[in-house]
Each structure stands twice: as structure tokens, then as C-alpha cells.
2 protein chains.
Amino acid sequence: MSTRRGPIQVAIVDDYDVVVIGVANMLEPYRDRVVVAELDTNKPLVDDVDIALYDSFAQPESDHDEIRTLIDNPLARRVVVYTGNFHPELVSMARDLGVHGYLSKALSGRELVAALEAIHAGETVISSSAAQARNTVGDWPGRGEGLSDRESEILALITQGKNNAEVAALTYLSPNTVKSYIRGLYRKIDVDSRTQAVLWGVRNGFLPDHRRIEHWRGGP
Amino acid sequence: MSTRRGPIQVAIVDDYDVVVIGVANMLEPYRDRVVVAELDTNKPLVDDVDIALYDSFAQPESDHDEIRTLIDNPLARRVVVYTGNFHPELVSMARDLGVHGYLSKALSGRELVAALEAIHAGETVISSSAAQARNTVGDWPGRGEGLSDRESEILALITQGKNNAEVAALTYLSPNTVKSYIRGLYRKIDVDSRTQAVLWGVRNGFLPDHRRIEHWRGGP
DNA sequence: CAGACTAACCCACCTAGGGGTGTGCCACGA
DNA sequence: TCGTGGCACACCCCTAGGTGGGTTAGTCTG
């Protein structure tokens, strides 16, 4: 395995194309330094990448299991979590698993590229959690309809069939908080029930487009 | 408007293609006597038909309103209800509205054609309700997965976003009965919650394919 | 600095939904 | 005849989900 020159190869691991495309668009101006590997096919992974960028948005299983899958696969040289969630339990879990970066979704494109380069060069980069909530960049389903990224994630998990307790566990929120978010998002999309919310979600891009983590199971 | 010779033109009014195709297949051997008009397009109705055959399966609005829409449209010479439901309130409502037939889904294809011909000739035909449950012919979503026609109808209404009270009202069943059916169908499709049932329904043909009643609103 | 806004969270209350158990009727097949 | 399955229904119990009302802490902006 030779040391390779050229832009850093990054694979974005998330099931929602709109999210992946949002990140890819952010990185696009820097394509001489970072390039997004396309994992849109149904084939297992065959080429290694420099960085597997695990986007936490609406992942259907526990982050622990999914990050472990990435760490266990030698085809990802570096594993980086890209998230708005700085819950301490989550951060320490990820570090215990050995991730090489834990990056905030509030980073600008320039900052994100710089962090990826540092990680590629061997550093471990952990974003501070400051100013993360309000300044989230990127894209998510329902953004055009006025849903915040958190509301979007919760609706995505509901549209995957999760109940409130499952949503709370996956997002590291309390059940009460989940209910509060649900109330708000129902108002925004003008529905009265979970069933109607799911149907709205199905029609508006809240079903996962892929199961990208499956490309990473089992190793080569 | 001249009296026309040739097979009777029948328009089947239901939103699920599998149901319409099931009826059409039943009538196919008799195509010299009865032919099914295709209303699969998004255009308003332009040609009249001899009989509008209103299939009650999983209609999303009250039967009263939908049958009235058909009765009020002069492009349907005769309006016939085709159903497994012989709830007295429903039968008398339909007759009060002026339907020319109320036909059982347990009729064989031969019997159905004979009834349609009698109706076309000016008679009013009301099926007896005997032996209707077990011998339903035709097709419905989820039949291949072991759902009865009633279970299928209830899942279709759930997949349209109706709550149990709404399902009960639309099917002329008690809320307790609806719950019993739900319990049974959940077991058959192996789901634990309404949300999962809706997602299963979305994937397995339980969303309406059309809004066929819209072709009949407002008249020419 | 103060105010506005947002995210995260709480509690109380009520009903919609689902599990369990059971009844009765009918039709059909072994 | 008995068993099974479908239809329709009842009652009991419990929690998942939703509504309403609120608090706290952090961030940003004028």
C-alpha cells in the first residue's frame, strides 16, 4: 500500500442522499484537496478511502455499532464522526472506539477541509461544541419546508418506524424532548397524527435512500 | 343520445388498480357482453358509460358522498354498488340515493354479468347478502400475503392515514371490531405498531393508485 | 449588558392504540 | 360431528402518543 498523492478520498456514510449531497456540495470548492467518493451503488466496497466520514443524521442503529463497523474495516484508513450532537456520552464512546475525528456540523467548508487534512496527516481532531446548534450547515430533508435539522432527524427516524423511546435513545435526547420536537414538527408540516406524519415523510424524502453502512460490514 | 348496441360499457370506480384489474379479469371472459372502460388517465370524464360500478373497497370518503357524486353525473347512466358490505344502513342509504344495483362480491363472474345486463335493461338488482363472506371473488392488496379482503381494506384505510374511529365509520363496523381486525392483520404481516403497518402498506400496494372519483365530480 | 431566540427539558392530563380474553354465527372440509 | 377460519362484537387493562403549559441555559445581536 503506497502513500498516495492527490486529493483526500472521503466516503460519506449516511442513508439520505440529500444529506450526502449537502456535504459534497460544501466540499466541492475544495476538490483539489478533498474529493468525495461515490458509494451510491449496491456493490460492496472494493477500494479503500482515506477517510470514512460518518454523518450521524438519522442513523437507524446505535452509533456505537455503526462506528465500530467502520473502525473494523481496514478499507477506511481514518474514521471521522460528523455530527451536531455533542452529548458527552456520545463523544466519549466514539473516542473509546478509536475515531480519528469528531467534527461539528457548524464548521464552515474551509474549516471542515482543514480538519480533514489534519486528520489525514495523522492528527486526531475533536471539535469544540460551541456554537453548534444554530449554525449547522449542509442539507437535510424538509429543510425547504422549515424543519430544523433536529426536527428533520426526528421525523426521519419516525418515518423509519421508530417509536418515541427508540428515537430518544438514538438521538441521546430525553423522551420529553422528543415529544416537544414532535409537537413542533407536526405543526410545521400540518399533521395531527404519527401516521399522517409518516405518510408526509414518505412523500417528502424522509425514507432512507440507501443502507450505506452495509458497504462497510465484514471487511474485504 | 342514441341507444347504443354492443357490449355494456362499465367504469369501475376504485382507487386500487389491483382491485379494478381483479374485477376486469372476472369480466374478461364475457367481453362480448360487458367491457370495462379504462379510467386510468388523469383527464376528466368525456364519454358516458352505461354503468358506473362503484367498488366500495377502501374508499377514503363516506360512501354516501361518493355515490351521490356518481348519481349526480349524467355521464353514468346507471350507478351500481359492488361490495361485500350488506350493513342495512348502507344498503338503505344507497337505495335512497337512487342506485340501480347493489351487488355482492360473492357473485360469480357469470352472475355479475347477468346482473349488470338486467340493470342495463332497466331493472334494479339488489343481491341477497347470503354467503358473502367466504366467497368473495376478485383481488385485493395483500391477498398473496394471506390477508382477507376485510383485513386488506382496513390496512388500506390505515395506510391512507385514517385512525381507528375513522376506519370504523367508513366500514360500518364497531371500533372494537376494527381493533380485532387490526390485531389479526398485524400478526399476519408481522408488525408491532401502526407506523410499521403503514410502512409495510406503502411498500406492498396499499396506497391508492388514483383518485378515480375525481373524474366524476361536477358533471360535464 | 439586556433582550430575544433556540434547544433541551419538565410535568400533568387524556385518549388512541394495542394486547388479552372471550362470545356467537356461518360455512366448509375432514 | 368437530375443528378451523372469517366476520362481528364485547370487555378489561395498560402504555404510547399527543396536547397544553411551562422552565433553564446558552448564544447572538443591538
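Computed quantities for the displayed model
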| item | result |
| --- | --- |
| FRET efficiency, 1/(1 + (r/R0)^6) with R0 56 Å, evaluated for A:R211 and A:D32 via beta carbons | 0.95 |
| Exposure rank, largest accessible area first [A:K188, B:K162; 1.4 Å] | A:K188, B:K162 |
| Accessible surface, per residue, of chain A when the full set of protein chains is kept, probe 1.4 Å, Å² | 47 Å² |
| Nearest-20 debye value, chain B charge dipole, Cβ charges on Lys, Arg, Asp, Glu | 320 debye |
| DSSP-assigned coil residues among GluC sites (Glu not before Pro) in the range A:54-118, each with at most 11 further Cβ atoms within 10 Å | A:E61 |
| Angstrom value of the Kirkwood radius, inverse mean 1/r, which spans all Cα pairs in the range B:149-203 | 10.8 Å |
| Area of A:V125 that stays accessible when all protein chains are in place (1.4 Å probe, Å², to 10) | 30 Å² |
| Protein accessible area in the range A:142-220, 1.4 Å probe - carbon and sulfur % | 45 percent |
| Solvent-accessible surface (1.4 angstrom probe) belonging to A:F57, in square angstrom, nearest 10 | 10 Å² |
| Nearest-10 value in Å² for the accessible area of A:M93, using the 1.4 Å probe | 30 Å² |
| Contact order normalised by residue count of the range A:143-203, Cα under 8 Å, 6+ apart, percent | 41 percent |
| Residues with amide H under 5 Å from that of A:Y102, placed H, sequence gap 5 or more | A:V81, A:V125, A:I126, A:S127 |
| Solvent-accessible area buried by A and B, counting both chains, probe 1.4 angstrom, square angstrom | 700 Å² |
| Average projection area in nm² (convex hull over Cα atoms of the range B:8-135, one quarter of hull surface) | 7.4 nm² |
| Heavy-atom accessible area order for A:R77, A:R150, A:R5, A:R110, largest first, 1.4 Å probe | A:R5, A:R110, A:R77, A:R150 |
| Segment A:S62-A:A114, extension gain: residue separation times 0.36 nm, minus the distance between their alpha carbons | 15.9 nm |
| List of the range B:167-195 residues, accessible area with partners at least 30 Å² below that of the chain alone (1.4 Å probe) | B:T195 |
| Calculated over the protein assembly as shown: convex hull of Cα atoms, volume per residue (Å³) | 180 Å³ |
| HN-Hα J in Hz across the range A:15-32 - Karplus 6.51, -1.76, 1.60, θ = phi - 60°, x for Gly and Pro | 8, 9, 4, 5, 5, 4, 5, x, 5, 4, 5, 5, 7, 3, x, 10, 6, 7 |
| Integer Hz, Karplus 6.51/-1.76/1.60 couplings in order for the range A:79-92, x for Gly and Pro | 10, 10, 8, 10, 7, x, 9, 10, 4, x, 4, 6, 4, 5 |
| Residue-wise HN-Hα coupling along the range B:151-158, computed from phi with Karplus coefficients 6.51, -1.76, 1.60 (Hz; x: Gly, Pro) | 4, 4, 5, 5, 5, 4, 5, 4 |
| Separation in nanometres of the label points that stand 7 Å from Cα toward Cβ, at A:D72 and B:E145 | 3.1 nm |
| Label geometry 7 Å along the beta-carbon vector: B:D190 inter-copy distances in nm | 3.9 |
| Inter-copy spacing of B:D209 label points, which lie 7 Å from Cα along Cα→Cβ, given in nm from shortest upward | 2.9 |
| Residues whose placed amide H lies under 5 Å from that of B:A37, excluding near-sequence neighbours | B:V10, B:A11, B:I12 |
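The values are calculated or read from the model by the stated rules, or taken from the named source; none is laboratory data. Treat the numbers as computed from the prediction; the structure is a model and nothing was measured. Glycine also receives a Cβ, built like all others from the backbone with ideal geometry; neighbour counts cover every protein chain displayed. For accessibility, only protein heavy atoms count, side chains too; no ligands or nucleic acids. Shrake-Rupley method; radii C 1.70, N 1.55, O 1.52, S 1.80 Å.
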